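The values are calculated or read from the model by the stated rules, or taken from the named source; none is laboratory data. Since this is a predicted model, take the numbers as computed values, not measurements. Don't worry about glycine lacking a Cβ; one is built from the backbone with ideal geometry, like all the others, and counts go over all protein chains shown.
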Amino acid sequence: MDAHIVLLPGDGIGPEVVEQGRRVLASVATRFGHDFRFETQEIGGISIDRSGSALTEETLAACQKADAVLLGAVGGPKWDDPKAKVRPEQGLLALRKGLGVYANLRPVRLLPELADASPLKAERLAKGVDLLIVRELTGGLYFGEPKGREETPEGVRAVDTLVYTEAEIRRVVRLAFQLAKERGQKLTSIDKANVLESSRLWRQTVEDVAKDFPNVPFEHQLVDSAAMRLVTSPCDFGVVVTENMFGDILSDEAAVLVGTLGLLPSASIGEGKGGLYEPIHGSAPDIAGKGLANPLGTILSCAMLLRHSLKLEEEARAVEAAVQKALRAGARTSDMAGIGVKGQSDAQAAPLSTQAMGERIVALLSA
């Protein structure tokens, strides 16, 4: 297969982890006889510094032509001024909109080797954690209009608008039902229907779409009780579908279940062939350039890229297997140091650098 992949390293640790993702994809191409062509573009803070825009028209055009996009991270203290007219995160929102990716998939799976890393008690994890959060990505509070500030006699007034159409809800809910069917899991739809009109439309639409999936069990859950259940009984969840802001918050909460954000990938997909793939962690400017970043979230995002955009299931499984094999053998970056490596010598348990972990995965793929 020939594929054109755009790399968006971004800010902070983004360039370090994206480079390891690129190396893994190149190794996959060599092993399975594919031709992956890589093109690097800028996004976020570095793009603001060089062009004044968090996402230039040229970068967006390149991403729209690509078969897939691999993103590192955006943002950092340098661009955190709340009064700034241009912020790194605007580039990410514009990219999602420009690519037409409406669903963010965040799998959360706790590997037995890393169970000690979870802050939850062992009995809460006894049945295992293997859930998939499907977050609507292009509607809701983050995109609704009107939006802005105005002066009033009572001071500054700020407005954000929560808007959803039935069509926006239906497409992401249908995808979630399909994924639940494929995974053989229950679907949990999360809303705030006791307060929000948009959530009542969400719940009504879920009920309607469910008629097309009679063999998929589903339930409704209010967002506040769902947040509690994620930490008291995470094993009860299979596939979760929810709106943009709730999904943003709950997916970060769920990420804590595995003890480190560095392990978790994500995929943002739509109706086109392309997709946007990125680890869920931020730019971590405090460790940027030090070789301490965990590249496994990015590498596992590459597995999702292979699966969802390039339709290369065998190759995706090979990457996931290499990551699991490395972890079982005791490979750890600094965020996982000392976890699940009982019985190994100090030398064996010493944390690997970002590059060394990437090399370990490439070696296992090449073996």
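Here are some notes:
- Candidate set from segment 79-91 (those that are under 13 Å from SER47 (Cα atoms) and not hydrophobic (A, V, I, L, M, F, W, C)); member that is surrounded by the fewest Cβ atoms within 10 Å (Cβ to Cβ): GLU89
- Any hit, segment 132-155, residues being closer than 20 Å to LYS192 by Cβ, out of contact with any helix residue (DSSP H, G or I) (no Cβ under 7 Å at 6 or more places or on another chain) and not charged (D, E, K, R): yes
- Wholly within segment 138-249, strands (runs of 3 or more DSSP E) carrying at least 1 residues that are crowded, with 17+ Cβ neighbours inside 10 Å: 187-191, 218-222, 239-242
- Test: residue in segment 22-40 that is hydrophobic (A, V, I, L, M, F, W, C), assigned by TED's automatic domain parsing to the domain that holds ARG360, within 17 Å of GLY91 (Cβ to Cβ) and not in a helix (DSSP H, G or I): no
- Odd one out for GLU113, checked against (1) touching a Lys or Arg at 6+ places or on another chain (Cβ under 9 Å); (2) modelled with pLDDT of 90 or more; (3) not assigned by TED's automatic domain parsing to the domain that holds ASP49: (2)
- Screening TYR277 against (1) surrounded by 15 or more Cβ atoms within 10 Å (Cβ to Cβ); (2) part of a helix (DSSP H, G or I); (3) at pLDDT 95 or above leaves a single unmet condition, (2).
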